[in-house]
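The values are calculated or read from the model by the stated rules, or taken from the named source; none is laboratory data. Note that the coordinates shown come from a computational prediction; the quantities given were computed from them, not determined experimentally. Here the Cβ positions follow ideal geometry from the backbone for every residue, glycine too, while neighbour counts run over all protein chains shown. Note: areas computed on protein heavy atoms with side chains; ligands, DNA, RNA excluded. Shrake-Rupley method; radii C 1.70, N 1.55, O 1.52, S 1.80 Å.
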Amino acid sequence: MKAKYLIKQACIMLIFMCFIACNNSKIKKENIGLKNAATFPIGTAINISTLLNDAKLQKLQIENFNSITATSDMKMHAILPAENKYNWKTADTILSYAKKHKQRLFGHNLIWHSSTPKWVSEKGEKDSVWLDDFMQQYIKTYVNRYKGKVAAWDVVNEAFESSGGNYRESFWYKNLGKSYIEKAFRYAHEADPNAVLFYNDFNIERDTVKLNAVLDMVNEFKAKEVPISGIGFQMHIRMDIPDEIIAYSLKKAAATGLQIHLSEVDIIFNTHNDERLGGIQNYSVLRDEMKQAQAEKYKNLIRMYKEIVPKEQQFGVTFWDFTDRDSWIKGFFNMKDWPCIYNDSLQPKPAYYGVLDGLLQ
Ligand code: 9MR
């Protein structure tokens with residue numbers, strides 16, 4: 001009887017407090033937090049040491065995001081820099097941060113040509129039987145260690161050429177043939193049957209030939225019962241990529257019935273040839289009208305995701321770094337740009353409010 005009375009009192013108190021809070025609230029829009037405005041997880045990829053060493057960045061990260069991806073710390077070169085020398089320290093740090101702040105941990109990535117350590121490529125080139133066995137051991141050891149803790153993995157990243165429909169002539173492809181992709185999915189699934197397993201790639205929102213090749217692979221996998229559960233659209237886009245083509249691509253991918261993750265979102269103004277240092281600096285100053293146009297583009301992207309991808313397939317939207325200060329673009333393409341939702345001084349840009357509006361609509 002007494003317990004019932006106390007619960008009732010507590011409920012009344014809570015409602016009263018909510019009432020006061022709402023009445024007092026001239027809550028500023030940026031204080032809502034993106035994650036609270038969304039009906040699906042909102043993530044960010046980030047470098048954990050940058051995050052832990054910057055209180056302001058951390059505050060923004062905690063307020064806005066409920067999913068976290070490591071930009072590089074969970075790639076093969078970081079996890080297994082030398083033979084038999086697993087380095088779990090940083091991944092464990094990211095996991096404890098995710099747990100502490102109740103964020104979903106997304107595993108990026110298991111197999112990617114660009115993060116294969118030299119010792120693996122040197123050995124694998126000489127012995128494909130070893131390589132096959134190594135891949136199995138690596139994936140099983142890694143996924144099993146984080147079983148039930150890493151919610152989802154980019155199992156294979158960028159297995160197709162930057163443009164067109166051919167498999168990338170990567171080290172993995174040359175030595176194991178295209179079957180390395182499906183094997184990677186099977187090994188990951190054996191290690192953690194509950195993990196959501198993604199194929200992740202770039203330009204598939206704009207290059208229909210590439211998208212079709214990826215979807216052919218996905219359909220082949222479905223027919224062969226390869227355990228693939230999702231498609232990651234990296235979505236490193238440019239202001240002049242038409243929304244219509246993005247909408248078309250999302251619709252086509254969603255028709256597979258798989259989870260759809262916008263996994264590495266950012267929006268640039270300048271162009272590049274997809275290669276490191278390949279930037280072309282068309283704009284070197286960010287004008288107000290450009291900021292507004294970028295906000296609109298971000299808003300449309302979120303709206304298209306919400307409208308086109310069925311709710312049960314909305315795995316989430318992940319921003320690749322969320323500040324212009326920390327973005328990979330500058331260093332990678334050797335050009336200045338402003339791709340993110342926060343600026344160099346960690347202030348929300350119009351782009352931030354574009355995302356928020358898209359989420360709230
Ligand atoms: O943002 C990442 C950058 O810090 C790394 O130096 C680079 C190489 O590991 O990878 C970047 O992230 C890439 C991601 O893993 C895959 N898609 C493209 C991303 C940007 O290059």
Query raised in the report: Among 144, 175, which is the only one that is touching a Ser or Thr at 6+ places or on another chain (Cβ under 6 Å), of a type outside the set (A, V, I, L, M) and part of a helix (DSSP H, G or I)?
Result: 175
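Residues checked against (1) open to solvent by 10 Å² or more (accessible area, probe 1.4 Å); (2) away from the ligand (no atom under 12 Å from the Cβ); (3) not in a loop (DSSP other than H, G, I, E, B):
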| site | (1), (2), (3) |
| --- | --- |
| 35 | yes, yes, yes |
| 45 | no, no, yes |
| 51 | no, yes, yes |
| 59 | yes, yes, yes |
| 63 | yes, yes, yes |
| 68 | no, yes, yes |
| 72 | yes, no, no |
| 78 | yes, no, yes |
| 82 | yes, yes, no |
Report task. Please state which one of 214, 156 is assigned to a strand (DSSP E or B) and either touching a strand residue (DSSP E or B) at 6+ places or on another chain (Cβ under 6 Å) or within 15 Å of the ligand (Cβ to nearest atom) (or both). Result -> 156
Report summary line: The correct count of residues that are outside any loop (DSSP other than H, G, I, E, B) and either open to solvent by less than 10 Å² (accessible area, probe 1.4 Å) or within 17 Å of residue 319 (Cα to Cα) (or both) in region 98-116 is 10
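How many residues, within region 221-259, are open to solvent by 60 Å² or more (accessible area, probe 1.4 Å) and closer than 22 Å to residue 187 by Cα?
Within region 221-259, the first condition is being open to solvent by 60 Å² or more (accessible area, probe 1.4 Å), and the residues that meet it are 222-225, 240, 242, 244, 248, 251-252, 255.
Applying the additional criterion that residues be closer than 22 Å to residue 187 by Cα yields 222-225.
The number of residues fulfilling the criteria is 4.
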Query raised in the report: Within region 302-314, can one find any residue that is without any contact (Cβ under 8 Å) to a residue 12 or more places away in the chain, surrounded by fewer than 18 Cβ atoms within 10 Å (Cβ to Cβ) and more than 20 Å from residue 269 (Cα to Cα)?
Result: yes
Report summary line: Residue pairs qualifying under the 7 Å Cβ cut-off, at least six apart or on distinct chains, with the first in region 176-193 being farther than 23 Å from residue 123 by Cα and the second being assigned to a helix (DSSP H, G or I), are 190/140; 191/139; 191/140; 191/143; 191/144; 192/143; 192/144
Query raised in the report: If the Cβ limit is 7 Å and pairs must be 6+ apart or interchain, which residue in region 46-62 that is touching a residue at least 24 places away in the same chain (Cβ under 8 Å) pairs with which residue that is within 16 Å of the ligand (Cβ to nearest atom) and β-branched (Val, Ile, Thr)?
Result: 46/68; 46/71; 47/71; 48/90; 48/94; 57/50; 61/44; 61/46
Requested in this report: Scan region 238-257 and report the pairs whose first residue is at positive phi and whose second residue is surrounded by fewer than 16 Cβ atoms within 10 Å (Cβ to Cβ) and modelled with pLDDT under 95, with Cβ atoms within less than 8 Å and a gap of 6+ or a chain change.
Outcome: none
**Report entry** residue 344 vs. criteria within 27 Å of residue 153 (Cα to Cα), among the acidic types (Asp, Glu) and either in a loop (DSSP other than H, G, I, E, B) or within 16 Å of the ligand (Cβ to nearest atom) (or both)
**Finding:** no
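Do we have any residue at all in region 254-276 that's aliphatic (A, V, I, L, M), more than 16 Å from the ligand (Cβ to nearest atom) and in a helix (DSSP H, G or I)? So that I can check it myself, show each step before the final result.
From region 254-276, those aliphatic (A, V, I, L, M) are 254-255, 258, 260, 262, 265, 267-268; that's our starting set.
Within this subset, residues satisfying the condition of being more than 16 Å from the ligand (Cβ to nearest atom) are 254-255, 258, 260.
Next, only the ones that are in a helix (DSSP H, G or I) stay: 254.
The answer is yes; a qualifying residue exists.
Looking at region 211-220 only, could you name the residues that are open to solvent by 10 Å² or more (accessible area, probe 1.4 Å) and touching a helix residue (DSSP H, G or I) at 6+ places or on another chain (Cβ under 9 Å)? Talk me through it step by step, then tell me what you get.
Start the filter on region 211-220 by keeping residues that are open to solvent by 10 Å² or more (accessible area, probe 1.4 Å), which leaves 212-213, 215-216, 219-220.
Listed by number, the residues that qualify are 212, 215, 220.
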Requested in this report: Could you tell me whether region 199-210 includes any residue that is more than 16 Å from the ligand (Cβ to nearest atom) and open to solvent by 10 Å² or more (accessible area, probe 1.4 Å)?
Outcome: yes
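When only residues in region 299-337 that are in a loop (DSSP other than H, G, I, E, B) and within 24 Å of residue 244 (Cβ to Cβ) count, which is farthest from the ligand (Cβ to nearest atom)? It would help to see each step written out before you state the result.
The first filter runs over region 299-337 and keeps only residues in a loop (DSSP other than H, G, I, E, B), leaving 309-310, 321-322, 324-328, 334-337.
Still in the list and also within 24 Å of residue 244 (Cβ to Cβ): 309-310, 337.
Details: 309: 20, 310: 26, 337: 13 Å.
By that ranking, first place goes to 310.
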